[in-house]
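Visitor: Here it is, the structure, as structure tokens.
Read the figures in this text as sums done on the coordinates, not as results from a lab. Since the model is a prediction, treat every value here as computed from it, not as a measurement. Virtual Cβ from ideal backbone geometry, glycine too; neighbours counted across all protein chains shown.
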Amino acid sequence: MKSSLWREHVLPFTLLLGVLAAATFAGDYVLHRFNLVWVGRYMGIPGTLLIIGSLYYSLRKRKFVKAGDPKALLKMHEFGTWLGSLMVLIHAGIHFNAILPWLATVAMGVNVISGMVGKMLLNQSRQHVQGERAQYQLRGLSKSEVERAVFWDAVALGAMTQWRKVHIPIFIVFAVLALGHIFSIFLFWGWI
Ligand code: HEM
């Protein structure tokens, strides 16, 4: 059971995060290699729009809107925020001039990871610990013995649940910081 939890859930999670990092470096490298750094500068706009569009799922979930299949919208939310974040990460590149956009980027990173933990690790791990508990009970262990046997898995599960709870508060931090960055850039460009 332990190995399948690793193979079926932890590994895809690590891979998807690794692909995000690798694609960021590859994208940044290509832009610099072909003197297209300016493209990266504007990539912040479609990336941001993609993330905003993906929030339609949250409106649907909270019943502010009625149209659309929630399951399909969740897929769209997961894919859209992942791709939008990739575009924003390429946009951020390896340029360090200002602190505000970097704080926004860190918040966005925590946001993406917390969402992925919720989707890829939490439910499966919960089932895993429940399965373990049931097995130990079947073997006739007492309640305290069962709790001792699953202790570390339960601790890990607790940490994941907390991590999942971070998703919405950190989104608010991300949104405020990103808005600050976008507002100041638009002001600088004379767009507002
Ligand atoms: C409408 C969307 C956006 C626009 C138009 C935009 C525009 C820009 C521009 C023009 C720069 C270059 C600033 C400079 O050279 O000093 C920049 C840098 C940056 N942006 Fe954005 N951006 C957008 C969205 C975002 C978002 C959502 C994030 C992060 C979550 C972000 C993170 C960054 C970072 C980390 C940098 C590099 C800062 C540095 O040089 O230290 N941007 N952005």
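Visitor: Express the relative contact order of region 1-95 as a whole percentage, based on alpha carbon pairs under 8 Å and six or more residues apart in sequence. Provide the component values of the computation, followed by the final result.
Guide: Working: 74 pairs, mean separation 36.7, N = 95.
Over region 1-95, the number comes to 39 percent.
Visitor: Which residues among region 71-95 fall inside the zone where the amide N is under 20 Å from a point 7 Å beyond the Cα of residue 185, along Cα→Cβ?
Guide: 80-95
Visitor: Would you give the gap between the C-alpha center of region 9-77 and the C-alpha center of region 104-135, rounded to a whole Å?
Guide: So the separation of the two Cα centres works out to 19 Å.
Visitor: Counting only helical runs of four or more DSSP H residues, what would the 222 nm mean residue ellipticity of the chain come to if each run contributes -39,500 (n - 2.57) and the total is spread over all its residues? Walk me through the numbers before you get to the answer.
Guide: Details: 10 runs with 152 residues, N = 192.
Theoretical 222 nm ellipticity from helices: -26000 deg cm²/dmol.
Visitor: Relative to the longest principal axis of the chain, what angle (0 to 90°, nearest 10) does the C-alpha long axis of helix 37-54 take?
Guide: 50 degrees
Visitor: First select every other residue whose beta carbon is under 14 angstrom from the beta carbon of residue 90; then total the charges, Lys and Arg +1, Asp and Glu -1. The partial results should precede the final answer.
Guide: On the way: positive: 33, 41; negative: 28.
Cβ neighbours under 14 Å give a net charge of +1.
Visitor: How high is the relative contact order of region 98-192? Use alpha-carbon pairs under 8 Å, at least six apart in sequence, and give a whole percent.
Guide: Working: 60 pairs, mean separation 49.6, N = 95.
Result for region 98-192 is 52 percent.
Visitor: Hey, what's the Kirkwood Rh for region 24-157 if you take every pair of different alpha carbons, in angstrom? Write down the numbers at each step before the final one.
Guide: Details: mean 1/r = 0.0554 Å⁻¹.
In region 24-157 this quantity evaluates to 18.0 Å.
Visitor: Which three extents, in whole angstrom, do the alpha-carbon atoms of region 1-95 cover along their principal axes, largest first?
Guide: So the three principal-axis extents are 44, 41, 16 Å.
Visitor: Still on this structure: What is the ratio of the Cα radius of gyration of region 98-192 to 2.2 N^0.38 Å, where N is its residue count, to two decimals?
Guide: Numbers: Rg = 20.8 Å, N = 95, 2.2 N^0.38 = 12.4 Å.
Dividing the Cα radius of gyration by 2.2 N^0.38 Å gives 1.68.
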